[in-house]
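Chemist: One structure coming up, written as structure tokens, with questions to follow.
The values are calculated or read from the model by the stated rules, or taken from the named source; none is laboratory data. Because the structure is a prediction, the values reported are computed rather than measured. Note that each Cβ is placed from the backbone with ideal geometry, even for glycine, and that neighbours are counted across all protein chains shown.
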């Protein structure tokens, strides 16, 4: 059989989680909490199931939920979207990414992607006949070199994919970054895909610089968000995409033949729960406590923390411990010390190895304390 993705195998997340289970190891590899979501939200879902809200919702999403998303984006970022034409509920941000890339990228189009990159971007670009053009973030701060971006733009450039807060590194983009980007795409037909699923998880008082905050960029951008990340319910797979009407129309053409519609009782529950602003406005402080707890329990280890400004991932430099490639070191750590991580080289197209691994700290304090004991003994 001729594969459309001959270079793609089992994802590192599946591999490391399976290894963690086999070795009965503490799993800090895959990005999900080990605690439950708010019982109040579960009760709302249950209520709507019992109330009979179990049939198909409209393709774009429940109208009330779209209205309240529009109100939220206006309140947080000062950007008004039409809930009738510019907001689409998706099966997690992943489906939103798939639909956005599929809607915008045609065979031969070039797509600028920043390495290390979330592993979904490149395969979907390639499935649509596009050509990934990868630019490496500056190590170890993982900042963008905008001169490289400008030099990478050609008449074939169709899309630039940005991710902030950034998975796997925890880096964030700033208002200055948006100004550089705006200067590069001005007077072009380049679109922006902004993956902002960790929008509410930014630390040390830093703001989230959404693509929606820049009037010119917002006119050419699809912005993706995730209820799963925000409300500790990653398994519910529900997110949304906001974009100008013309772009949203093309995204919805793909969405209607992919997922078509999203879990109805959960949409009803979220339409009420989203009104509780404290649930997402308090998320940064909640996860900063987790980050700081993890750094504290790692204080006596030989790992060196790389600054984490957002997300619930912490990058750790292990060069003082081992010279093994990060893929082998991550396996050894799982097998020998019973704790699983993600080797960061897998997020680079040419497998750059800076001797850095990624841990997820979206865990109960007791899990983080156990992890600290294990890693301090390595």
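Chemist: What number goes with the only condition from (1) under 16 Å from the mean Cα position of the chain (by Cα); (2) buried (at least 20 other Cβ atoms within 10 Å of the Cβ) that residue 267 does not pass?
Modeler: (1)
Chemist: Suppose we filter region 181-196 for residues that are over 30 Å from residue 361 (Cβ atoms) and touching a residue at least 40 places away in the same chain (Cβ under 8 Å); how many remain?
Modeler: Within region 181-196, residues that are over 30 Å from residue 361 (Cβ atoms) and touching a residue at least 40 places away in the same chain (Cβ under 8 Å) number 1.
Residues are listed down the side, and each one gets a yes or a no for (1) over 17 Å from residue 25 (Cβ atoms); (2) crowded, with 21+ Cβ neighbours inside 10 Å:
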site: 295; (1), (2): yes, no
site: 310; (1), (2): yes, yes
site: 313; (1), (2): yes, yes
site: 318; (1), (2): no, yes
site: 323; (1), (2): yes, no
site: 330; (1), (2): no, yes
site: 342; (1), (2): no, yes
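Chemist: Looking only at region 127-138, how many residues end up being loosely packed, with under 15 Cβ neighbours inside 10 Å and closer than 26 Å to residue 311 by Cα?
Modeler: Going through region 127-138 one residue at a time, the tally reaches 1.
Chemist: Just to be sure I understand the filter: pairs with C-beta atoms under 6 Å, separated by 6 or more residues or on different chains, first member in region 275-287 and surrounded by 12 or more Cβ atoms within 10 Å (Cβ to Cβ), second member assigned to a helix (DSSP H, G or I). Which pairs pass?
Modeler: 280/230
Chemist: Here's another thing I want to ask about it. Looking for whichever is more than 18 Å from the chain's Cα centre (by Cα), farther than 29 Å from residue 232 by Cβ and not in a loop (DSSP other than H, G, I, E, B) here; the options are 108, 183, 129. Which one fits?
Modeler: Within the list 108, 183, 129, the selection yields 183.
Chemist: Tell me which of these residue 33 doesn't satisfy, since it passes every other one: (1) at pLDDT 90 or above; (2) crowded, with 18+ Cβ neighbours inside 10 Å; (3) not in a loop (DSSP other than H, G, I, E, B).
Modeler: Among (1) at pLDDT 90 or above; (2) crowded, with 18+ Cβ neighbours inside 10 Å; (3) not in a loop (DSSP other than H, G, I, E, B), the lone unmet condition for residue 33 is (3).
Chemist: Hey, another quick one. From the set of residues in region 351-374 that are in contact (Cβ under 8 Å) with a residue 40 or more places away in the chain and more than 26 Å from residue 289 (Cβ to Cβ), which is surrounded by the fewest Cβ atoms within 10 Å (Cβ to Cβ)?
Modeler: Looking at the filtered set, the residue picked out is 352.
Chemist: Can you name every one of the helices (runs of 4 or more DSSP H) wholly within region 217-320 that holds 3 or more residues which are closer than 20 Å to residue 32 by Cβ and assigned by TED's automatic domain parsing to the domain that holds residue 360?
Modeler: 283-297
Table: residues versus (1) assigned to a helix (DSSP H, G or I); (2) in contact (Cβ under 8 Å) with a residue 24 or more places away in the chain; (3) in the same structural domain as residue 363 (by TED's automatic domain parsing); (4) buried (at least 18 other Cβ atoms within 10 Å of the Cβ).
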position	(1), (2), (3), (4)
47	yes, yes, no, no
54	no, yes, no, no
61	no, yes, no, yes
65	yes, yes, no, yes
74	yes, no, no, no
113	no, yes, no, yes
148	yes, no, no, no
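Chemist: Would you check which residues across region 159-180 are closer than 18 Å to residue 31 by Cα and either without any contact (Cβ under 8 Å) to a residue 60 or more places away in the chain or part of a helix (DSSP H, G or I) (or both) and list them?
Modeler: 163
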